[in-house]
Amino acid sequence: MIAASHVKAEPFFLEGPNGRLFAVYHPPLYGVEVKGCFLYVQPFAEEMNRCRQMVSLQAREFSRLGYGCLLLDLYGTGDSEGQYQEGTWDVYQADLLAGLQWISAKGYDNILLWAVRHGALLALELASNMPPPHRLLFWQPVLNGQTALTQILRIEFAASLAGENKVSMDNLRNQINTGETIELSGYETAASFLATLEASKVSNYYMLPEVEVHWFDVLSSEDQNPARSRTKVEQEWKNAGAQVHYETVVGPAFWQVWERVIAGELIDQTSAWVQTDLTKK
């Protein structure tokens with residue numbers, strides 16, 4: 001396959017199954033051997049916006065190394081059509097499948113999934129419906145949807161204490177259980193989506209065949225140790241037969257902070273992995 005003649009990112013709208021999806025395609029650098037293409041799987045709510053700069057920088061690095069990259073705003077998010085509360089697990093899976101089909105139509109036969117935070121759970125679900133082998137790149141993945149949802153609800157509960165409309169954890173849970181749309185950090189969110197998120201966890205996919213995962217976690221300092229829950233998942237996943245490569249880097253928690261910050265070491269180490277381990281295969 002010959003690389004595109006332009007390196008410039010190409011924004012466009014992809015016709016999704018529920019509406020137009022805003023997309024940005026980063027083609028491989030001209031003159032570099034084309035090795036494959038990444039499909040990016042975003043995190044949810046505000047984390048999506050906070051990650052944009054890091055994701056854009058890494059996509060450009062993929063381009064330089066001979067990999068295309070397709071960035072999608074899932075239905076109801078970013079600049080895509082639809083409302084946020086219309087986003088469900090199935091809607092997002094259908095959007096990602098449309099992205100895969102677009103990449104295949106470009107002539108790529110080596111497609112990799114790159115996910116940040118909650119996107120890891122979406123990516124694993126997507127991979128389970130794809131033929132093996134499965135190659136996944138994770139940045140700071142959410143490992144357990146139940147834990148993640150509890151944290152989200154606690155944040156909403158704590159925020160409500162400072163206002164007039166106080167809510168309890170029970171109120172929030174009842175809204176989900178009765179299928180109501182629930183506002184979380186300013187995002188009207190479908191209860192069905194939250195219920196599916198809560199049931200999703202990495203361990204559901206331990207038996208996914210021919211899977212190789214390269215997983216980066218960002219630590220605040222060299223003195224910080226990875227959480228035990230994360231090293232436990234790594235080991236259990238390996239025991240199930242997966243190839244799991246776990247690395248830590250030091251940098252800011254770019255997915256959490258309002259300020260645009262760069263975790264340079266994460267980009268450097270991800271690019272190094274692509275240039276060495278991944279390219280050899």
Which whole-percent values make up P(r) of the stretch 188-281 when all C-alpha to C-alpha distances are grouped in 10 Å steps starting at zero?
13, 32, 38, 16, 1
Taking 115-124, 227-236, 85-94 and ranking on average Cβ neighbours within 10 Å, highest first, one gets 115-124, 85-94, 227-236
Determine, for each peptide in 201-207, 22-28, the mean count of other beta carbons within 10 angstrom over its residues, then list the peptides with the highest first.
22-28, 201-207
Dimensions (Å) - the stretch 69-128, Cα atoms, principal axes, largest first:
34, 21, 17
Please report Rg (one decimal) and Dmax (integer) in Å for the Cα set of the stretch 122-252.
17.4, 52
Taking the convex hull of the alpha carbon atoms in the chain, what volume per residue do you get, in Å³?
134
Ignoring ligands, DNA and RNA, what accessible area per residue does the chain give at 1.4 Å, in Å²?
47
For the stretch 23-89: span of alpha carbons on each principal axis (Å, largest first):
43, 18, 17
Cα-based Rg (one decimal) and Dmax (whole number) for the stretch 1-115, in Å?
13.6, 43
What FRET efficiency comes out for the pair N174/S271, r = Cβ-Cβ distance, R0 = 45 Å, nearest 0.05?
0.45
Return one number: the angle in degrees, 0 to 90 and rounded to the nearest 10, between the long axis of the Cα atoms of helix 145-160 and the longest principal axis of the Cα atoms of the chain.
50
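Could you tell me the convex hull volume per residue, in Å³, taken over the Cα atoms of the stretch 161-219?
Values: hull volume 9.3 nm³, N = 59.
So the per-residue Cα hull volume is 157 Å³.
The values are calculated or read from the model by the stated rules, or taken from the named source; none is laboratory data. Predicted model, so just to flag it, every value in this text is computed and none were measured. Quick reminder, even Gly has a Cβ in these numbers, built from the backbone with ideal geometry, and neighbours come from all protein chains shown. For the accessible areas, the whole protein counts, side chains as well, though only heavy atoms, and no ligand, DNA or RNA atoms are used. Shrake-Rupley method; radii C 1.70, N 1.55, O 1.52, S 1.80 Å.
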